[in-house]
């Protein structure tokens, strides 16, 4: 059993201010005993997309080095929900999640596969693929805390990704996000609870909240959340920046899977 914390923040194009939020909230979470701390999608930068690509860095760049040092400083497993990783294309970067161990070493990375290309309404109109290159491989990472499945935001709408993670050993599903206020109010809780229930996994979902200087995104929903493998919400952040904490007990995962062995009952 261990304590997990989700970080809820309001990132903008001001990278120094973003870092200050993360540094402060991470220190607070670690001081309360959290062993796994997870931040939202676009933790380091959430602003104009042209600049996002121009500022993109490789995995061995200074942004990743800074977050590695933060994990090492507090001796925690740290999930950087995502950052803008440089790709081999001048006009597009990857949207990449990075998991660090307590020594600051990179344990795993995941490049967002499903990109948010939608024209739902004036409030929800966005073309992520214009500035982001999709990843090609799903990711699970074995750690002393458990096996984590990595995903990012819009991936949540594609249950086959999480089924793959479950089939490859995941007992904790991580969904760092920047869900829009409109789609979040309609679908955030329902989708996250469904992924927890159908895969009998914990779900850890830190989110961005509030207004950003990203003209396409406008405002995000927040409600950073932790859900147990029965689908119960066991922690949820209130409005504004902050933290939510919950104990993760993998014996509960095993118990639920034994009592209702849905993986053995599947026909497809």
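Read-outs throughout are calculated quantities, based only on the coordinates presented, and are distinct from any laboratory measurement. Being a predicted model, the structure only gives us computed values, none of them experimental. Glycine gets a Cβ as well: all are built from the backbone with ideal geometry, and neighbour counts include every protein chain shown.
Brief remarks follow.
- Maximal additional length on extending the residue 69-residue 31 stretch stands at 12.0 nm, based on 0.36 nm per residue less the C-alpha distance.
- Of 181, 27, 90, the residue with the greatest mean-square motion in the GNM of the chain, using alpha carbon springs below 10 Å, is 90.
- Nearest-ten-degree value, helix 62-74 long axis tilted from longest Cα axis of the chain: 40 degrees
- Placing dummy labels 7 Å off each Cα toward the beta-carbon, the span from residue 51 to residue 185 is 2.8 nm.
- Gaussian network model of the chain, springs between alpha carbon atoms under 10 Å - residue of 78, 162, 126 with greatest fluctuation: 126
- With Cα atoms, 0 to 90° folded angle of helix 15-31 axis to the chain main axis: 30 degrees
- Listed from fewest to most Cβ neighbours within 10 Å, the set 173, 36 follows the order 36, 173.
- Inter-part distance, region 103-117 to region 185-232, computed on C-alpha centroids, equals 17 Å.
- Of the options [x] 53, 45, 39; [y] 50, 42, 36; [z] 61, 43, 41, only one is Cα extents along the principal axes in Å as computed from these coordinates, and that is [y].
- Listed residues 226, 106, 248, most fluctuating in the chain (Gaussian network, C-alpha, under 10 Å): 106
- Residues listed by number, region 148-192, amide nitrogen under 20 Å from residue 258 label point at 7 Å toward C-beta: 169-172
- Within region 61-211, percent of DSSP bridges classed antiparallel, to nearest 5: 70 percent
- CD proxy at 222 nm, helix term only [per DSSP H run n ≥ 4: -39500 (n - 2.57); per residue of the chain; nearest 500]: -9000 deg cm²/dmol
- Distance (nanometres) between label positions extended 7 Å along Cα→Cβ at residue 16 and residue 211: 2.2 nm
- Between the Cα long axis of helix 250-259 and the first principal axis of the chain there is an angle of about 50°, rounded to the nearest 10.
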